[in-house]
1. Run residue 275 past the list (1) under 28 Å from residue 116 (Cβ atoms); (2) in contact (Cβ under 8 Å) with a residue 40 or more places away in the chain; (3) in the same structural domain as residue 150 (by the TED database) and report the number of the one that doesn't hold.
2. If a residue has to be at positive phi and touching a helix residue (DSSP H, G or I) at 6+ places or on another chain (Cβ under 9 Å) to count, how many in the range 317-341 make the cut?
3. If we scan the range 235-257, do we find a residue that is in the same structural domain as residue 77 (by the TED database), within 16 Å of the ligand (Cβ to nearest atom), closer than 26 Å to residue 189 by Cβ and in a helix (DSSP H, G or I)?
4. Test residue 314 against the criterion of being at positive phi and either in contact (Cβ under 8 Å) with a residue 40 or more places away in the chain or in the same structural domain as residue 298 (by the TED database) (or both), and give yes or no.
5. For the range 208-231, which positions are outside any loop (DSSP other than H, G, I, E, B) and closer than 18 Å to residue 91 by Cα?
6. From 364, 375, 299, grab the single residue that is under 21 Å from residue 134 (Cβ atoms) and buried (at least 19 other Cβ atoms within 10 Å of the Cβ).
7. Can you tell me how many residues in the range 316-345 are out of contact with any strand residue (DSSP E or B) (no Cβ under 9 Å at 6 or more places or on another chain) and crowded, with 20+ Cβ neighbours inside 10 Å?
Ligand SMILES: Cc1ncc(COP(=O)(O)O)c(C=O)c1O
């Protein structure tokens, strides 16, 4: 008798980029000692680790035996620090009582989806977008409706698109700003219009702000929490705070939603990692913030060098990313010249001929993703320069 797998699990599509990543790892081993070791520009995590104060705080927590479960909503001290960060960095009053600390943005998204989506509900999101976000909706038995979003809309939903695609079962929108894979944010005015459309229909606006800390443009680097206290904002210690593997994030929710998230979190996770939480308190020390700001400046400098270099190569980046560490580049001219069907084949070609690993668009949607590849600039300037040098050599 074969094991019957739940339909829910079947709806979660495979992560195709992992195939590319696996192939890149395999080839990397083969070429490790050649004069052209693999340059990985496919990685979606900072090339930095948690700074010293954070590491020391983790050690202290472990040695001091501060390793029991915490409250499901997280350590009070950490919630207060996060609240203070909104005040200092964004000039926003976000009370600690609205903050629920979670095991990464992933758990925050899962809690938000389970709390807000009923079976059959539809959630609008842009195509392209981070693949797991539509899968969190599926896991809550909802349907993610991907709406094509092009360069003219900064690869984000517009209020007009939300209005046009709103149906009887639509429950809300799930946006990511800045976005993965494009690094582009929603224009704040447009976000306000989107939120108005959503609120007028009794829906919910969920904004994944995991890359908000890594913002390089004052015009866009604002939290959706400025709109009103009904927005659900997802955030994380993974990106700006360089703590991917520590598994820590948070959600800011309307006050009435917090007890619901708490009840779900108590049952599903009990609490996020206690050691990680104690460590994260030290993220907000002036010394740590100064280090994070130096890193943000480095990410910006990489972007400022890399985007024009890609454009010069004919791998055009239609919208300059204002945040995160990605470049969403159109490789269709190269594909035509090289006789490659699309970005999937381009990724393998770049990997094999230039030993440069990139992420093809496929996982991020279906609208234009055959034309686009995602480069990650979470890599040293030397690596970025080497990658551009090698791509130049293989240029058609
Ligand atoms: C847009 C977006 N949301 C959420 C996540 C999940 O992050 P984490 O669970 O590490 O906080 C990622 C990770 O790359 C992401 O790019």
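The values are calculated or read from the model by the stated rules, or taken from the named source; none is laboratory data. Everything numeric in this text was worked out from a predicted model, so none of it was measured. Reconstructed Cβ throughout: ideal geometry from the backbone, glycine too, with neighbour counts over all protein chains shown.
1. (1)
2. Going residue by residue through the range 317-341, those that are at positive phi are 324, 339.
Keeping just the survivors that are touching a helix residue (DSSP H, G or I) at 6+ places or on another chain (Cβ under 9 Å) gives 324.
Going through the range 317-341 one residue at a time, the tally reaches 1.
3. no
4. Judged against the criteria, residue 314 is a match.
5. 215, 224, 225, 226
6. Of the residues listed, the single one that is under 21 Å from residue 134 (Cβ atoms) and buried (at least 19 other Cβ atoms within 10 Å of the Cβ) is 364.
7. 2
Conditions (1) buried (at least 16 other Cβ atoms within 10 Å of the Cβ); (2) under 18 Å from residue 215 (Cβ atoms); (3) modelled with pLDDT of 95 or more, marked per residue:
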residue: 236; (1), (2), (3): yes, yes, yes
residue: 245; (1), (2), (3): no, no, yes
residue: 254; (1), (2), (3): no, no, yes
residue: 259; (1), (2), (3): no, no, yes
residue: 264; (1), (2), (3): yes, no, yes
residue: 270; (1), (2), (3): no, no, yes
residue: 281; (1), (2), (3): yes, no, yes
residue: 284; (1), (2), (3): yes, yes, yes
residue: 294; (1), (2), (3): no, yes, yes
